[in-house]
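Worksheet for the structure shown next.
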Amino acid sequence: MTAAFSPARPRLAVLALAVAVTGAAAIGGALAFEHGFGYVPCMLCLWQRWPYYLGLPLALAAALLAKAGHPGAARAALGLTALLFAVGAGLGLYHAGVEWSFWPGPASCAGANAAPSSVGGLMESMRGTRIVPCDSAAWRFLGLSLAGYNALIAAALAGLSLWGARRG
């Protein structure tokens, strides 16, 4: 027996796919900023990536589940995605607050991957690597740092995922 066609299923699949594509663009932008411009992410930056690494596959799974005619499972996956991105928005907000000196950040935050791999390459590594501590923004655009933009993007993805989970 086949499930009756429901216009909500294609919309749910498209919404979940939009969450995945937008999230992939956001994390891809962070990785391009890191590798393209030589910025080394701090510990808080790395923590902010985990909701994307976990949420993007969930959003893709939700799209596939919706497309296959399992809207309940798709909504559950989007609900978990919303929770992950809400955590990501909180981490981004916390990091932005550390950058603005609203509250203290972790004491050990000074560029997790900044150590050179060989003694001979120390000077070259120091010339080519920009260490970004957690308490200073590496870059700002329109007054917001990357952490601030991440907070906004992750909050939007959380809201979109929650809307899809509730509305189907």
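The values are calculated or read from the model by the stated rules, or taken from the named source; none is laboratory data. Keep in mind the model is a prediction, meaning the values are calculated, not measured. For neighbour counting, all protein chains shown are included, and Cβ atoms are generated from backbone atoms with ideal geometry for every residue, glycine included.
Here residue 113 clears all of (1) modelled with pLDDT of 80 or more; (2) under 19 Å from residue 43 (Cα atoms); (3) out of contact with any Cys (no Cβ under 7 Å at 6 or more places or on another chain) except the condition numbered (1). Residues in the stretch 153-168 that are surrounded by fewer than 19 Cβ atoms within 10 Å (Cβ to Cβ) and either closer than 19 Å to residue 42 by Cα or at pLDDT below 80 (or both): 1 in all. Picking from residues in the stretch 34-60 that are in contact (Cβ under 8 Å) with a residue 40 or more places away in the chain, aliphatic (A, V, I, L, M) and closer than 20 Å to residue 19 by Cβ, the one that is surrounded by the fewest Cβ atoms within 10 Å (Cβ to Cβ) is 60.
In the set (1) more than 17 Å from residue 160 (Cα to Cα); (2) assigned to a helix (DSSP H, G or I); (3) at pLDDT below 90, residue 10 fails one condition alone, (1).
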